[in-house]
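**Q** Quick one: the structure is below, questions incoming.
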Amino acid sequence: KTMWYPEIKHFCPRAPVILVGCQLDLRYADLEAVNRARRPLARPIKPNEILPPERGREVAKELGIPYYETSVVAQFGIKDVFDNAIRAALISRRHLQFWKSHLRNVQRPLLQAPFLPPRPPPPIIIVPDPPSNNEERPAHLLEDPLCADVILVLQEKIKIYAHKIYLSTSSSKFYDLFLMDLSEEDQQSTAGHGFGVAVTAAAERMLHQEERHHGRDFLLRAASFDICESTEEAGSGQRKPCLRASTSDGILRGNRYENGERGLRRGRDLSSWSRAFTSIQEEMAEDPLTYKSKLMVVVKMDASIQPGPFRAVLKYLYTGELDENERDLMHIAHIAELLEVFDLRMMVANILNNEAFMNQEITKAFHVRRTNRVKECLAKGTFSDVTFVLDDGAISAHKPLLISSCDWMAAMFGGPFVESSTNEVALPYTSKSCMRAVLEYLYTGQFSSSPDLDDMKLIILANYTVTGLMEAAQMMVDIDGDVLVFLELAQFHCAYQLADWCLHHICTNYNNVCRKFPRDMKAMSGENQEYFEKHRWPPVWYLKEEDHYQRAKKEREKEDYLHLKRQPKRRWLFWNASSS
């Protein structure tokens, strides 16, 4: 009004003028994305700089010219602008050449229907990937032994902290070791001595049975790799490591208890049970991270086991992978044979034979077997170190597996919270079926539904997907009431994907939801109501424009009807050419 229109009227007084509002798509576009695309050549667009349609109509009404809106991005209004520009020129010419009959119908500019923004797409529902079985988190847990419950002692001085659940689900030898009964009391210990040997009647009967049935399976015989010197090259003075097969008698001889300053410590001598272990005992030890004393299992390994290769074996037991560039592969094979980890021995053989590509299949089989063993441990509660107290009972779980598969669990058990130092965690308003489903998913990456599984209770524990609601909406089922209930529940329990979907459903059906549930909509939180007003579809400006367009259309139809009614009826006279 202050610059362009006066200039046009000064230099082109007879030129017809129309007012066009451009970039209509900015009303519903993401301004942050638009401003990122404009940088650094143009200044950012502010929300208050985008004018509503009624503002354009007011200016056009003051100037006495027609008003149209366009969007090149949405391909809207471009034809309307050019058509009405032509009509504006014809209308101005009609005033000068009023006698021309072909301009009789060009009297007023056409009306433009308002632009309905596209329906916003639903939020992308990203189903979280199953907890990874790769080496990152378990390997980090091995380096940073959070919630460790096993101490592996090498060469009487080197201590390595580990976790029962990882070792036992990867190695049958460790599984049998940790399931040994260490609860027998020492009734034959001698006063004044630090050590005593106690053999009960049941143990004696077992020993006699083992001696009589020396060739049966429960003797736990195993062929193992030993590092020896080649007899062929012994004379030349060169030593070459090789693999030879040997067997251990595998007989468990008895118990050993230690009476120290901290009281009675239960333990056993393992030298005759396996060549990999020397002894096992329970004792109070200091946690390497929290520096608090707790009961831990101390396993002394054989003196022939070297720390470097043993760490590589532990990494395999945690991750199922073996680095091709590892040194001392023969020592790794030797330890694998002692622990009866035959897959690892096979991986070493593949690397030595330049067939390391075959180890990928071994790793896949390793994770399949571990998944089955973890399911068994979850069902039986074996090696559990935490108990979740629920509404209808309790479920035993394993902190190391939870820490490796869930950031929330890692923060709870590894942070300065009460749950990090207790063996019981209370989860109110949670059922055993829901908790078991979540634990099975965190442990194995697989979700199995059951008839007694309540979806709403599962929302409390996991980020719920909206597959069921989407299917119901596609089948034209009325889910508006359910969505209103789910929204605040999902927001309270941090189920963000479900909350986003509920917000989108309410915004895209805002008028219907408000008409059905006016009280519930008014009872919503201020943040939700502000979100509804900002993202409702169709937007408020479109509803105003649609109402204005319909009223203007009715008025024009009424004017056309009155105009046609005032016009006299035309009479056509047909002349006969022959009679004339």
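The values are calculated or read from the model by the stated rules, or taken from the named source; none is laboratory data. Please read these numbers as outputs of a predicted model, since none were measured by experiment. Cβ placement follows ideal geometry from the backbone for every residue including glycine, while neighbour counts extend to all protein chains displayed. Quick note on the areas: whole protein, heavy atoms, side chains included, nothing else; ligands and nucleic acids left out. Shrake-Rupley method; radii C 1.70, N 1.55, O 1.52, S 1.80 Å.
**Q** With the checklist (1) more than 16 Å from the chain's Cα centre (by Cα); (2) in contact (Cβ under 8 Å) with a residue 40 or more places away in the chain in hand, flag the one item C406 doesn't pass.
**A** Result: C406 passes all but (1).
**Q** Can you find a residue in the range 48-56 that is among the β-branched types (V, I, T) and assigned to a loop (DSSP other than H, G, I, E, B)?
**A** yes
**Q** One residue is enough: does the range 45-58 have a residue meeting the conditions touching a helix residue (DSSP H, G or I) at 6+ places or on another chain (Cβ under 7 Å) and within 17 Å of P16 (Cβ to Cβ)?
**A** We begin by selecting, within the range 45-58, every residue touching a helix residue (DSSP H, G or I) at 6+ places or on another chain (Cβ under 7 Å); these are 45, 47, 50, 52-54.
Narrowing further to those that are within 17 Å of P16 (Cβ to Cβ): none.
Within the range 45-58, not a single residue is touching a helix residue (DSSP H, G or I) at 6+ places or on another chain (Cβ under 7 Å) and within 17 Å of P16 (Cβ to Cβ).
Here's the yes/no breakdown for (1) modelled with pLDDT of 80 or more; (2) part of a helix (DSSP H, G or I); (3) β-branched (V, I, T):
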{"residue": "S449", "(1), (2), (3)": "no, no, no"}
{"residue": "T465", "(1), (2), (3)": "no, no, yes"}
{"residue": "A472", "(1), (2), (3)": "no, yes, no"}
{"residue": "D478", "(1), (2), (3)": "yes, no, no"}
{"residue": "D482", "(1), (2), (3)": "yes, yes, no"}
{"residue": "F486", "(1), (2), (3)": "yes, yes, no"}
{"residue": "A490", "(1), (2), (3)": "yes, yes, no"}
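**Q** What's the number of the only condition in (1) at pLDDT 85 or above; (2) out of contact with any helix residue (DSSP H, G or I) (no Cβ under 9 Å at 6 or more places or on another chain) that L154 fails to meet?
**A** Of the numbered conditions (1) at pLDDT 85 or above; (2) out of contact with any helix residue (DSSP H, G or I) (no Cβ under 9 Å at 6 or more places or on another chain), the odd one out for L154 is (2).
**Q** Let me ask something else. Which count do you get for residues in the range 405-417 that are open to solvent by 40 Å² or more (accessible area, probe 1.4 Å) and part of a loop (DSSP other than H, G, I, E, B)?
**A** Counting residues in the range 405-417 that are open to solvent by 40 Å² or more (accessible area, probe 1.4 Å) and part of a loop (DSSP other than H, G, I, E, B) gives 2.
**Q** Restricting to the range 101-129, give me the number of residues that are at pLDDT below 85, open to solvent by 70 Å² or more (accessible area, probe 1.4 Å) and of a type outside the set (G, A, S).
**A** So the first thing to find is which residues in the range 101-129 are at pLDDT below 85, and the list is 101-107, 124-129.
Now restrict to residues that are open to solvent by 70 Å² or more (accessible area, probe 1.4 Å): 101-102, 104-105, 107, 124, 126-127, 129.
Among the residues that remain, those that are also of a type outside the set (G, A, S) are: 102, 104-105, 107, 124, 126-127, 129.
Matching residues across the range 101-129 total 8.
**Q** Could you list, in sequence order, the residues of the range 321-334 that are farther than 22 Å from H140 by Cα and of a type outside the set (G, A, S)?
**A** D328, L329, M330, H331, H334
**Q** Is it the case that D30 is open to solvent by less than 70 Å² (accessible area, probe 1.4 Å) and within 55 Å of the chain's Cα centre (by Cα)? So that I can check it myself, show each step before the final result.
**A** Numbers: open to solvent by less than 70 Å² (accessible area, probe 1.4 Å): no; within 55 Å of the chain's Cα centre (by Cα): yes.
Taking the combined requirement at face value, the residue does not satisfy it.
**Q** Show the residue pairs meeting these rules: Cβ distance below 8 Å; 6+ apart or different chains; first residue within the range 106-123 and within 18 Å of H535 (Cα to Cα); second residue assigned to a loop (DSSP other than H, G, I, E, B) and hydrophobic (A, V, I, L, M, F, W, C).
**A** Correct list of pairs: F115/A74; P117/W537; P118/A74; R119/W537; P120/W537.
**Q** What number of residues within the range 331-356 satisfy the criterion of being in a helix (DSSP H, G or I) and either charged (D, E, K, R) or within 25 Å of T278 (Cβ to Cβ) (or both)? First the steps, then the outcome.
**A** Just the residues of the range 331-356 that are in a helix (DSSP H, G or I), to begin with: 331-338, 342-352, 356.
Pick out the ones that are also either charged (D, E, K, R) or within 25 Å of T278 (Cβ to Cβ) (or both) and you get 331-338, 342-345, 348.
Adding up the residues that qualify gives 13.
**Q** Moving on. Looking at S384, S420, S396, which one is assigned to a loop (DSSP other than H, G, I, E, B) and either in contact (Cβ under 8 Å) with a residue 60 or more places away in the chain or out of contact with any Lys or Arg (no Cβ under 6 Å at 6 or more places or on another chain) (or both)?
**A** S384
**Q** Next up: Checking L41 against (1) open to solvent by 80 Å² or more (accessible area, probe 1.4 Å); (2) within 19 Å of L111 (Cα to Cα); (3) outside any helix (DSSP H, G or I), which test does it fail?
**A** All conditions pass for L41, except number (2).
**Q** Restricting attention to the range 320-330, does a residue exist that is under 15 Å from K173 (Cβ atoms), small (G, A, S), touching a Ser or Thr at 6+ places or on another chain (Cβ under 8 Å) and assigned to a loop (DSSP other than H, G, I, E, B)?
**A** No.
**Q** Now a separate question. Of (1) surrounded by 17 or more Cβ atoms within 10 Å (Cβ to Cβ); (2) touching a residue at least 60 places away in the same chain (Cβ under 8 Å), E62 satisfies all except one. Which?
**A** Evaluating E62 over (1) surrounded by 17 or more Cβ atoms within 10 Å (Cβ to Cβ); (2) touching a residue at least 60 places away in the same chain (Cβ under 8 Å) leaves (1) as the failure.
**Q** Filter the range 506-540 down to residues that are in contact (Cβ under 8 Å) with a residue 60 or more places away in the chain and touching a helix residue (DSSP H, G or I) at 6+ places or on another chain (Cβ under 6 Å) and give me whichever is most open to solvent (accessible area, probe 1.4 Å).
**A** Once the filter is applied, the top-ranked residue is H535.
**Q** Are any of the residues in the range 486-503 farther than 18 Å from I126 by Cα, in contact (Cβ under 8 Å) with a residue 24 or more places away in the chain, of a type outside the set (D, E, K, R) and open to solvent by 60 Å² or more (accessible area, probe 1.4 Å)?
**A** yes
**Q** Do we find a residue being open to solvent by 50 Å² or more (accessible area, probe 1.4 Å) and closer than 18 Å to T444 by Cα anywhere in the range 342-364?
**A** So far as the range 342-364 goes, yes, one or more of its residues are open to solvent by 50 Å² or more (accessible area, probe 1.4 Å) and closer than 18 Å to T444 by Cα.
**Q** Name the residues in the range 297-319 that are of a type in the set (S, T, Y) and assigned to a loop (DSSP other than H, G, I, E, B), would you?
**A** Result: S304, single match.
**Q** Checking H331 against (1) open to solvent by less than 60 Å² (accessible area, probe 1.4 Å); (2) touching a residue at least 40 places away in the same chain (Cβ under 8 Å); (3) closer than 25 Å to F383 by Cβ, which test does it fail?
**A** That leaves (3) as the condition not met.
**Q** To continue, here is another question. Restricted to the range 268-296, and to residues that are among the β-branched types (V, I, T) and either open to solvent by 10 Å² or more (accessible area, probe 1.4 Å) or assigned to a loop (DSSP other than H, G, I, E, B) (or both), which residue is modelled with the highest pLDDT?
**A** Checked the range 268-296; the qualifying residue modelled with the highest pLDDT is T278.
**Q** Here's another thing I want to ask about it. So is L402 open to solvent by less than 50 Å² (accessible area, probe 1.4 Å), at pLDDT 85 or above and assigned to a helix (DSSP H, G or I) or not?
**A** It is true that L402 is open to solvent by less than 50 Å² (accessible area, probe 1.4 Å), at pLDDT 85 or above and assigned to a helix (DSSP H, G or I).
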